[in-house]
Amino acid sequence: MTPDTTPDEAPRGVSRRHLLFGGAAAGLGAAGAIGLSYTARGTTSTAETANAKLSGAETIPFYGTHQAGIDTAPQAHAVYYALDLLPGTDAAALRRMMQVLTDDAARLSQGDAALADSEPELAYVPARLTVTFGFGPGLVTRAAGAGAVPSWLGPLPAFSVDRLDPAYGDGDLLMHIAADDPMTVAHAARMLLKDTRSFATLRWTQTGFRRASGSELKGTTMRNLFGQVDGTVNLEPGTADFDKLVWRNTGQAWMAGGTGFVLRRISMDLDKWDKLDRSGREQSVGRTLSNGAPLTGVNEHDEADFEAKTPIGFPVIPEFSHMRRARSDNPDERIFRRAYNYDDAPTPGSSVSNSGLLFVSYQADVTTQFVPLQQRLSDLDLLNEWITPVGSAVFAMPPGCTSSGYIGDTLF
């Protein structure tokens, strides 16, 4: 159940599902699932009391001004799904789809079974589950017309370093599902994908991971598969800068409280990286490998001194380093980033790894914030010797909703 839903209110969820599908999709399955849910969870045993202290019992509120999963502390496991709408999915159908998805995502995020959940026991460990939805230009156009599409919502400009695979680009609907437990993610994904099968087909899937929950202190900056500390300089949720640069406050009214989303799939040539010595690795990034400190500092969060010179007059942090190229002199070009590693099966006979980074950025305006940053990296970044962008997708993340609404209700 969601935080502001009681067991006595459960029949409203059933009638809503019945209304949306005329009773055909839910049927006895929904009633059975609800019966299982309340039977299994109607009493509190000693074991349940003990389990409540486990990290798997942690929940993140679903309802609110902004969608969960954006400024949430990153979970250990994530999956991104992009879907293409079926030809007959019009505005009315989209509204029904988002109502169903919202209802089930809200339930699952609080450790309750989705309606028509045939394996409700798998939902009882939420493990900080969040489900975040994004809209592509095709969905926005079908829902409210082309005039509702933000100017930045569409493919990014072509960058010289890109080698994009269409299998990892575009889409009408994005679902970002994340939790600290991979089984929680898998079960939530199955429930939500089942909700969409009358409206859309799956276009692509990208899965990522970080260190397991509890293996490092909270707040520790992640490392990517190059061994680098990844993402030290970032906007801080809850600050004025964050509110200005991440949450959408101008433009289309339906996006107020939402944000722009960019996913770049970056292939990392670990086999080639293996041939580079430690000094070369640190020069290419501009930070030490041991603790992520800038080459002019001692600790990870020391401010970088880009003016510092070596005894023979060269910059201590090279102009071509990734750190320098990612930094803009214009404070309005900053983004909020989060990332996940991926490690897929290697191609037989060609390499010993097929790994990389799912780089995700959130910003109020993709064109004025993300594009300049990516252009600088494309023009001159030594790290381009070992990394290649192979996937790119842009979505509009609508604002959150109340318990009486649904994600996207501002658009419809």
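Computed quantities for the displayed model
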item	result
The lone exception for residue 245 - which of (1) within 18 Å of the chain's Cα centre (by Cα); (2) over 30 Å from residue 146 (Cβ atoms) it fails	(2)
For residue 226: the one exception among (1) under 23 Å from residue 375 (Cβ atoms); (2) part of a strand (DSSP E or B); (3) touching a helix residue (DSSP H, G or I) at 6+ places or on another chain (Cβ under 8 Å)	(2)
Residue check, residue 178 outside any helix (DSSP H, G or I), surrounded by fewer than 19 Cβ atoms within 10 Å (Cβ to Cβ) and either under 15 Å from the mean Cα position of the chain (by Cα) or without any contact (Cβ under 8 Å) to a residue 12 or more places away in the chain (or both)	no
Some residue of region 80-102 being assigned to a loop (DSSP other than H, G, I, E, B), closer than 22 Å to residue 190 by Cβ, free of Cβ contacts under 8 Å to residues at least 60 places away in the same chain and open to solvent by less than 40 Å² (accessible area, probe 1.4 Å)	no
Residue check for residue 238: out of contact with any Ser or Thr (no Cβ under 9 Å at 6 or more places or on another chain), in a helix (DSSP H, G or I) and farther than 30 Å from residue 272 by Cβ	no
Residue tally, condition of a type outside the set (Gly, Ala, Ser), out of contact with any Pro (no Cβ under 9 Å at 6 or more places or on another chain) and surrounded by 21 or more Cβ atoms within 10 Å (Cβ to Cβ), over region 358-372	6
Failed condition for residue 243, given (1) surrounded by fewer than 21 Cβ atoms within 10 Å (Cβ to Cβ); (2) under 18 Å from residue 74 (Cβ atoms); (3) of a type in the set (Asp, Glu)	(2)
Cross-chain or 6+ apart pairs with Cβ under 7 Å, region 116-140 first and closer than 22 Å to residue 58 by Cβ, then open to solvent by 30 Å² or more (accessible area, probe 1.4 Å) and aliphatic (A, V, I, L, M)	120/36; 120/40; 121/40; 122/183
Residues of region 380-412 that turn out to be in a helix (DSSP H, G or I) and without any contact (Cβ under 8 Å) to a residue 40 or more places away in the chain, as a count	0
Options 171, 219, 214; residue that is on the phi > 0 side of the Ramachandran plot, open to solvent by 30 Å² or more (accessible area, probe 1.4 Å) and under 20 Å from the mean Cα position of the chain (by Cα)	219
Hits in region 383-403 - residues which are over 19 Å from residue 150 (Cα atoms) and out of contact with any His (no Cβ under 7 Å at 6 or more places or on another chain)	384, 385, 386, 387, 388, 389, 390, 391, 401, 402, 403
Filter pass, residue 283 being within 30 Å of residue 82 (Cα to Cα), touching a residue at least 40 places away in the same chain (Cβ under 8 Å) and either of a type in the set (Lys, Arg) or open to solvent by 30 Å² or more (accessible area, probe 1.4 Å) (or both)	no
Qualifying position, being among the polar types (S, T, N, Q), under 17 Å from residue 225 (Cβ atoms) and open to solvent by 30 Å² or more (accessible area, probe 1.4 Å), among 310, 347, 296	347
Among the residues listed as 388, 402, the single one being out of contact with any Ser or Thr (no Cβ under 9 Å at 6 or more places or on another chain) and either of a type outside the set (Phe, Trp, Tyr) or at pLDDT below 95 (or both)	402
Looking only at region 290-349, and only at residues there that are charged (D, E, K, R), touching a residue at least 40 places away in the same chain (Cβ under 8 Å) and assigned to a loop (DSSP other than H, G, I, E, B), the one that is farthest from residue 380 (Cα to Cα)	300
Looking only at region 51-62, and only at residues there that are in contact with a helix residue (DSSP H, G or I) (Cβ under 7 Å, 6 or more places away or on another chain) and part of a loop (DSSP other than H, G, I, E, B), the one that is most open to solvent (accessible area, probe 1.4 Å)	59
In region 252-278, residue modelled with the lowest pLDDT [restricted to those that are surrounded by 14 or more Cβ atoms within 10 Å (Cβ to Cβ) and either out of contact with any Ser or Thr (no Cβ under 9 Å at 6 or more places or on another chain) or assigned to a loop (DSSP other than H, G, I, E, B) (or both)]	252
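Yes/no matrix, rows are residues, columns are (1) under 27 Å from residue 297 (Cα atoms); (2) in contact with a helix residue (DSSP H, G or I) (Cβ under 9 Å, 6 or more places away or on another chain):
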| position | (1), (2) |
| --- | --- |
| 320 | yes, yes |
| 338 | yes, no |
| 341 | yes, no |
| 344 | no, no |
| 359 | yes, no |
| 399 | no, yes |
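The values are calculated or read from the model by the stated rules, or taken from the named source; none is laboratory data. Keep in mind it's a predicted model, so treat the numbers as computed, not measured. Cβ: placed from backbone, ideal geometry, glycine included. Neighbour counts: every protein chain shown. In case anyone asks, the SASA skips ligands and DNA or RNA and just uses the protein heavy atoms, side chains included. Shrake-Rupley method; radii C 1.70, N 1.55, O 1.52, S 1.80 Å.
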